[in-house]
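See below for the structure under consideration.
The values are calculated or read from the model by the stated rules, or taken from the named source; none is laboratory data. Keep in mind it's a predicted model, so treat the numbers as computed, not measured. FYI the Cβ positions are ideal-geometry reconstructions off the backbone, even for glycines, and counts take in every protein chain you see.
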Amino acid sequence: MRATTKQYYELAAIRAESEKLFDFVSNGYSDYFQIDYSRLSHTASFVAEVIRENYPDLNIPLHSRIRHFLLSNTDLYEAYFDDGTKGNIEQLRKQIELIITSVFLDGGAGADWSYYDDNTKSHYSRSEGLAAASFNCYRGGLYSPFLDKPCYVDGRTLQALSEKALADEFQIREDNELIGFENRVKLVNKLGTIVETDSLFQRNGMRRLGHLADELVSLSANNIVSTENIFATLVTSFSALWVKENSPDSALVGDIWRHKAVESDTNPLGLVPFHKILQWLTYSLLEPLERFGLEVVDVERLTGLPEYRNGGLFIDSDVLKVKSVSPTEVGLDISSEFVIEWRALTIGFLDRLRPLVVELLTSDQQLDLTMGQFLQGGSWAAGRKIARNLRLNGEPPFKINLDGTLF
């Protein structure tokens, strides 16, 4: 990453630049959106209702990839990592490998793909289907060069992974197509190159994705580790997975974009960072690190996740009204100012919605609802529910040109 853009790979910049765009839209300058604040209380009531439906005791877990491994009342993750042993570094390596590979394969699947999981004898689609498929890839040794150690992610094995091998695992056929499948394979191959070239993944002469566990543990002092340090390690190691090829912004890697409304003397390129996948990964690693015995602090510095379920909630509940969508775009590109504004507004509204929902839920009891819990119990689930109520197959409110790796 360029030294001049380093700050945009830090957590603080995500919320700061999104707030600038939020103010831009709120003040009526946007060509695409206007805000109806009168609908926000209605949305808060809807989200509170969804939370009470899903978690009547209000014991809400973190928003994490781990949640998607709970399928048909079978918890694949807990069944595999159930010994509860603290300080077991090999178990932490395996947990981190499973979560990373699963998160990186978790881009929007589309409505046409599904997966039959032999563990639960059921079909799944979208995030749950991707979770089941990626779980079986890891447990089945797809990424390991060792017959006696299937749960091991090796860089060279990832580099050599073919489209056919992953297609077979994900049950892809002409009548069961997965959005952006070729891009997912390329991302996995790039991940292998990172494991092979980044010294972080080398320990005792062996290169392994799971050695990230050793690095994260080394960041702790007195068994306390900062979320900032976890995220910084992930963004430094993995941002290069998302390079904007054939673009004038190719020097900017990762989930970071440009919008003219935030251009200034201190931000001449008008950069707006989101780092959705790496924030999602950070949320997903909190529980394994805590199980290992670490206390993770400063978690509130993570933002709400700017993706189409959370963002769709505000469109579908009429908090955000669309003024116009460019007629030249059959599908919205993730780099368009329309989508950049939508994602920034999503972060801003999640920050504003959470205290309203907490107030509704705490009329008869005290509740400290973190953003991670709020995403899990409320906004993401509410976004999915309202989409299913409004559109066939629960499609997003807009057609988006998804590439299967980022949004």
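Observations, loosely collected:
- Check on residue 97, crowded, with 21+ Cβ neighbours inside 10 Å, at negative phi, in contact with a Gly (Cβ under 8 Å, 6 or more places away or on another chain) and charged (D, E, K, R): yes
- As a summary of the residue check, residue 155 satisfies the conditions (1) touching a strand residue (DSSP E or B) at 6+ places or on another chain (Cβ under 6 Å); (2) farther than 23 Å from residue 70 by Cβ; (3) small (Gly, Ala, Ser); (4) at pLDDT below 95 except for the one numbered (4).
- Any hit, the range 11-30, residues being touching a strand residue (DSSP E or B) at 6+ places or on another chain (Cβ under 6 Å), touching a residue at least 24 places away in the same chain (Cβ under 8 Å) and of a type outside the set (A, V, I, L, M): yes
- Every residue from the range 320-373 that is out of contact with any strand residue (DSSP E or B) (no Cβ under 7 Å at 6 or more places or on another chain), part of a helix (DSSP H, G or I) and either modelled with pLDDT under 85 or of a type outside the set (A, V, I, L, M, F, W, C) (or both): 337, 343, 346, 348, 351, 352, 354, 355, 359, 372, 373
- Of all residues making up the range 289-329, the number that are of a type in the set (Asp, Glu), farther than 30 Å from residue 401 by Cα and under 18 Å from the mean Cα position of the chain (by Cα): 1
- So residue 324, is it among the small types (Gly, Ala, Ser), farther than 29 Å from residue 231 by Cβ, touching a helix residue (DSSP H, G or I) at 6+ places or on another chain (Cβ under 9 Å) and surrounded by fewer than 19 Cβ atoms within 10 Å (Cβ to Cβ): yes
- Condition check for residue 105: in contact with a Lys or Arg (Cβ under 6 Å, 6 or more places away or on another chain) and either surrounded by 16 or more Cβ atoms within 10 Å (Cβ to Cβ) or over 20 Å from residue 280 (Cβ atoms) (or both): yes
- Boolean, residue 196 is among the charged types (D, E, K, R), surrounded by 15 or more Cβ atoms within 10 Å (Cβ to Cβ), more than 17 Å from the chain's Cα centre (by Cα) and assigned to a helix (DSSP H, G or I): yes
- Assessment of the range 172-182 against the conditions (modelled with pLDDT under 95, assigned to a helix (DSSP H, G or I) and either touching a helix residue (DSSP H, G or I) at 6+ places or on another chain (Cβ under 6 Å) or crowded, with 16+ Cβ neighbours inside 10 Å (or both)) yields at least one matching residue.
- Answer residue from the range 116-148, given it is surrounded by 15 or more Cβ atoms within 10 Å (Cβ to Cβ) and touching a His at 6+ places or on another chain (Cβ under 7 Å) and is modelled with the highest pLDDT among those: 131
- In the range 10-67, the residue that is modelled with the lowest pLDDT out of those that are among the β-branched types (Val, Ile, Thr) and part of a helix (DSSP H, G or I) is 66.
- Contacts under 9 angstrom Cβ, first residue in the range 234-247 being at pLDDT below 90, partner among the hydroxyl-bearing types (Ser, Thr, Tyr) and in a loop (DSSP other than H, G, I, E, B), 6 or more apart: 242/405; 243/250; 244/250; 244/335; 247/335
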